[in-house]
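Participant: Structure in structure tokens, see below.
The values are calculated or read from the model by the stated rules, or taken from the named source; none is laboratory data. Only a predicted model underlies this, so the values are computations on that prediction, with no experimental measurement involved. Cβ placement follows ideal geometry from the backbone for every residue including glycine, while neighbour counts extend to all protein chains displayed. Ligands, DNA and RNA are excluded from the accessible area calculation, which covers all protein heavy atoms including side chains. Shrake-Rupley method; radii C 1.70, N 1.55, O 1.52, S 1.80 Å.
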Amino acid sequence: NLRYYESVLAEKGIPYSVEKGVGFFQRQEIMDIGNLVNFLGNQMDDIALYGVLRSPYFGLSDADLLRVARSSTYGSLFSKLKRFSSECPVEIRARKALAVLSGSLQRCGAVPVSELLNDVLQETGVLGVYSGMPGGRQAIANVERLLEMVRTREQEGFFTLFDLKDWLALSVDDADKEGQAQLEASGDAVRIMTVHAS
């Protein structure tokens, strides 16, 4: 129910902070990175690609995705995105998505995972999108925290895109054990935490 509390508090302009022990890996911004990682690890993963195309990274609407899916009667969603982008050059979002994803696929394995993710964040401007959304500060802090966790894993030893994919998949099951990034709430603020943390 955390998302409901957060959306109402943000809508009413009530400052809040989320304490450790409340669903870091179940946050939408973390799941969006999971979809990106899943797609980069397997170009045939249409579900992950639908998720990342629909996310704030690329912002394709349901109608856009339907047009992409119908652009060809066969092939993966990524091959349909390629065809759609070449046949409909006025579709700027689809072309940008194709360019970013293609570039990321080319760099997979050649650069550290944290650098690959950071490049996608920069190329898509998603942190700017998050900053304009309700709860955006928390989303940005969570993405930055995940990147820091990935950098830590890289420093501990060899950490590939597939290691990140597996780690994220396992971590979703233990979501309640990992709290969100801590934000400084100025003045009085509602503190959200688990019963055990309180």
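Participant: Report, in degrees rounded to the nearest 10, the 0 to 90 angle that the Cα long axis of helix 161-173 makes with the longest principal axis of the chain.
Facilitator: Computed tilt is about 50 degrees.
Participant: Of the lysine pairs in the chain, how many meet both conditions: Cα atoms under 21 Å apart, and a spacing of 8 or more in sequence or different chains? Walk me through the intermediate numbers first.
Facilitator: Details: 20/177; 80/96; 82/96; 165/177.
Taking the chain as the scope, the lysine pair count is 4.
Participant: Just flag the chymotrypsin sites (Phe, Trp or Tyr not before Pro) in region 56-145 sitting in loop per DSSP whose Cβ has no more than 13 other Cβ atoms within 10 Å.
Facilitator: Those satisfying the criteria are 74.
Participant: Mind checking the angle between helix 92-107 and the chain's longest principal axis? C-alpha axes, 0 to 90 degrees, to the nearest 10.
Facilitator: Roughly 90 degrees, rounded to the nearest 10.
Participant: Summing Lys, Arg as +1 and Asp, Glu as -1, what charge do residues with Cβ under 13 Å from the Cβ of residue 78 carry, residue 78 excluded? Mind dumping the intermediate values first?
Facilitator: Numbers: positive: 80, 82, 83; negative: 45, 46.
Residues close to residue 78 contribute a combined charge of +1.
Participant: Nothing charged except the Cβ atoms of Lys and Arg (+1) and of Asp and Glu (-1): what's the magnitude of the dipole of region 47-162 about its Cα centre? Round to the nearest 20 debye.
Facilitator: The dipole of region 47-162 has a size of about 400 debye.
Participant: Highest GNM mean-square fluctuation, the chain, Cα pairs closer than 10 Å: which of 89, 112, 56?
Facilitator: 89
Participant: What FRET efficiency, computed as 1/(1 + (r/R0)^6) with R0 = 45 Å and r the Cβ-Cβ distance, is obtained for residue 86 and residue 189, rounded to the nearest 0.05?
Facilitator: 0.35
Participant: Hey, if we sort 4, 50 by accessible area with the 1.4 Å probe, largest down, what's the order?
Facilitator: Listed by decreasing accessible area, they come as 4, 50.
Participant: Let me see the P(r) profile for region 22-76: every Cα-Cα distance counted, bins of 10 Å, each bin given as a percent of all pairs.
Facilitator: Distribution as computed: 25, 48, 23, 4, 0 percent.
Participant: Still on this model: Using Cα atoms only, what is the angle between the long axis of helix 136-156 and the major principal axis of the chain, expressed in degrees (0 to 90) to the nearest 10?
Facilitator: Once rounded, the angle reads 80 degrees.
Participant: What are the trypsin sites (Lys or Arg not before Pro) within region 2-86 that DSSP puts in a loop, where the Cβ has at most 14 other Cβ atoms within 10 Å?
Facilitator: Qualifying residues, ordered by number: 12, 20, 70.
Participant: Another question, if that's okay. Binning every alpha carbon pair distance of the chain at 10 Å from zero, what are the percents per bin?
Facilitator: Here the calculated profile for the chain is 8, 33, 32, 20, 6, 1.
Participant: Moving on to the next point. Extension gain residue 167-residue 108, at 0.36 nm per residue separation less the Cα-Cα distance, in nm? Could the numbers behind the result be given before it?
Facilitator: On the way: separation 59, 0.36 × 59 = 21.24 nm, distance 1.73 nm.
Taking residue 167 through residue 108 to full extension adds about 19.5 nm, to one decimal.
Participant: Carbon and sulfur: what percent of region 15-144's accessible surface (1.4 Å probe)? Please list the in-between numbers first.
Facilitator: Details: 3210 of 5920 Å².
Heavy-atom surface of region 15-144 belonging to carbon and sulfur, 1.4 Å probe: 54 percent.
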